[in-house]
Structures are given as structure tokens and as C-alpha cells.
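The structure under discussion appears below in the form of C-alpha cells.
Readers should treat all values here as calculations from the given coordinates under stated rules, not as data from a laboratory. Quick caveat, the model's predicted, so the values are computed rather than measured. When we count neighbours, we look across all protein chains shown, and the Cβ atoms used for this are built from the backbone with ideal geometry, even at glycine.
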Amino acid sequence: MTTDLILAWGLAGLETGLLLVFLWGVWRLAARLRHWLDDSVARSCDEEPADPHGDQPADHHPERLALPVKVPGWMPYLRSLLARIVELMALFLSAALLFSWLSSVLLLFPLTEPVGQRLGGFLGDALGTVGQGLLKQLPGLIVVVVIVALAQAAVQASNTLFRAVSRRQLQLSMIHPETASATRRLVALAIWAFAVVAAYPYLPGSQSEAFKGLSVLLGAMVTLGSSGVVNQLMSGLVLVYSRALRVGDHVVIGQGADAVEGVVQQVGGLATKLVNVRNEEITIPNAVLMSNAIKNYSRLSGSSGTLFSTRISIGYDAEWRQVHALMLQAAARTPGLRVEPKPYVLQRALSDFYVEYELLAHLDRPLQRLQVLSHLHENLQDCFNEAGVQIMSPHFMLQPAQPVMARREAP
């Protein structure tokens, strides 16, 4: 009896040693796998750096159409997911080894042999149930993986196509370069939505009542809580496909005192961002944007710059040719105004007591509109003061004794 106990204790010690070795091996392998994942992500980000100012690589050549082989943007998230899966597998193997060791050690001693048999039977039944479940769900999981892989390939192909259109490397009659980015996102969303619908029946547990109830609950929450978001998204789509705005345009949103003026920095799905002359970023929801008038100074300017104007009113006793010359002289002195196309003057109205003149000129930088306009007003005052022409809108209560007329000779 003593010999059997010594032998049992010796076998228990041997099994304990083997358990420690196996546990060390499992966690050593898990650490190596996590280290390999970190190195893979680092190499992917170093080989293909992303351009911080766009969605193309930093070494992109316009004449060459690059295929998106790697997407460093989602690689860190994939690494985190795989690392968590490795940790869970290591914990599962460790728990299985501990359970097997405990049942094996209990079987070595007569007093604990029944408990060991029960534990061993429980472990065998549990592993058999898990194995049968995995084998039963394996074909569905394979189908889901195939659907996800096909959807990812389709999204990458569509992204390559629409990015080529947005960079004007490829021309399609049905897609405009300004709307290619929004179309790319919509097509990707449609592809993934189709993939989810196709893969849903093959997901484990998708036919259970609990899964169906949870799906209905989530659908109701999204339906009730996304009415405002859908309104903003639809307004954003109308804004993009109407091409009312694009990045870099100098615009005025609204009218009167509530008008917002600035340069468009981003046209998003939910809101549009502007930067005004005070270097303040203004975010306007797309629904609010669509309900207001949009004055775009850059849309029709082309390469000639943004057109802007200022008005003055001069009495009828000032010769109009001289007024034109003085206004053009002030424009020529003002920095920030283009020489070509040349500034010009219009007579907008012949009022009861004065003539209303408007000077129109082309501006290089829209964000400096207020500063350039201030300098132009200063130069207008200087030019008119130097010529002895007063900038004033006269109003008469009685008929003047002499006719209010300009001299006949030209200046």
C-alpha cells in the first residue's frame, strides 16, 4: 500500500511538471504570436505610408494607377483582434490542461478516484459537445468567410476605380470627379450591406429566437433614433450631387446679418466645414445648409480668381469718366487684386441726387477678401482726395440755383 502511494505521488509530481512545461509552452507561443503580429503591422505601415492630406499614398505618382494591396488604416485594429483571439485560445488551452491534470491526479489515489472519473467524463462530454458544434457550424463559417473575402475584393476594386476618377486619371461619362468620392462610399456601403444580408443565414445562432429578437430590437432602435441622421445624410447627398459646393470654394451661406462667409474645407456626409477670415472653423449641418441660399464666388471664376465688388455714390457734378479713372486707379494701387482680368466700373443706378458706381475686380485669395476690401476703400479715398472729388451722396431739399452738372471737358 505504501509502495502504491509513493508511486502515485511520483506520477502526480511528474504530471505536475509536465503541466508546468505545457503551460509555459502555451504562453511562450502566445507571446511569440503577439510579437509577430506587432512586427507585421509595423512593416505594413512602413512600406506604404499614408498621405496625411488625402487618401492616396505619399509616394503616389499621378501617371500610375496604384492598386490598394495593403490598407494600413485597419491593420492595427486587425492586429488587436487577432491578439485578443490568441490570448483567449491560450486561456482555453491552459484551462483544459489544468482540468485534465486535476482529473488525472485524482485518478491516481483510491479515495479520489470516483471524483476523477466524474471530472474526466465531464471534460470528455464538454469537449465532444464543443467539437460537434464546431463541426456542425464549420460549413456556415466557411461560407461567411468566403462572402466577406469577396465583398472586400469588390470594395477594393470599386475604390480603385472611383479614386482614379476623382484624380482625373480615368473619365466616366456617368460619374463626375467631384462626386466620385461620395459615390465610392455609397458603393462600398451597398456592397457590405449585400454581404451582411447574404451571410446572415450562415451565422451561428442566426435562426434562434433570441438572435431574431435582438435583431428586431436593434432595428427598432436604429429606426427611431436615426431620423435626424438620415435627414442630414440625404441633405449631404443632395449637396454633393448637385455640386453646389466643393473644397476650396469661397461661399456665403444665408443672407443678411446671419450670413456665414468662408472657404469650404470639407463637405461631409452630415455637415460642411468652413474657415472664415478670422481663421475660425465653422461647422454647418447639411440640412441647415440646404435650407439657405448659397452664394458661390468661386464656381464660375475658373482661373481668373474670385470676383468681388464695392459701390460708391458720387454727385452729378462729378464727371463720370473721371470717376471711372479714379476708381480704376485705386484698384491698381490695391495689393491682392489681379491685373488680368482687368478691373472695370459699372454705373448701377442714376438716382435722384447721385450716380451709383460699382467697381468689380478679381481677387487672388478669397480668405483675404475683407482685408483687400479695406485697402481698396483706403485707396479710393486717397485717389478721390488727390483729385479734389468729394465722395458724398448729396440730398437737396430745394432746387439749387445753378444746374448740378459736370464740366464738359474730359479730365
Honestly the stretch 241-296 on the Cα gyration tensor test (a ≥ b ≥ c root eigenvalues; a/c under 1.5 rounded, otherwise a/b vs b/c for prolate or oblate) is just rounded
About its Cα centre, the stretch 302-387 carries a charge dipole, from +1 on Lys and Arg Cβ atoms and -1 on Asp and Glu Cβ atoms, whose size in debye to the nearest 20 is 380
Note: residue 311 to residue 390 extended length (0.36 nm per residue) minus current alpha-carbon separation gives 27.0 nm
In this structure, the FRET efficiency calculated for residue 241 and residue 203 from their beta-carbon separation, with R0 = 41 Å, to the nearest 0.05, is 0.70
The long-range amide H neighbours of residue 344, using H built 1.01 Å from N in the peptide plane and a cut-off of under 5 Å, are 360
Among trypsin sites (Lys or Arg not before Pro) in the stretch 272-353, those in a DSSP loop whose Cβ has at most 13 other Cβ atoms within 10 Å are 278
Classified through the alpha carbon gyration tensor (a ≥ b ≥ c as square roots of its eigenvalues; rounded if a/c is under 1.5, else prolate when a/b is larger than b/c, else oblate), the stretch 261-342 comes out prolate
Taking the alpha-carbon centre of each part, the distance from the stretch 314-379 to the stretch 136-186 in Å is 52
Where a ≥ b ≥ c are root eigenvalues of the Cα gyration tensor, a/c under 1.5 meaning rounded, otherwise prolate if a/b exceeds b/c and oblate otherwise, the stretch 302-387 counts as prolate
A chain fully extended from residue 176 to residue 211 at 0.36 nm per residue, minus the present Cα-Cα distance, gains in nm 8.4 nm
Mean separation of Cα contacts under 8 Å (at least 6 apart) over the residue count of the stretch 241-296, i.e. the relative contact order in percent, is 33
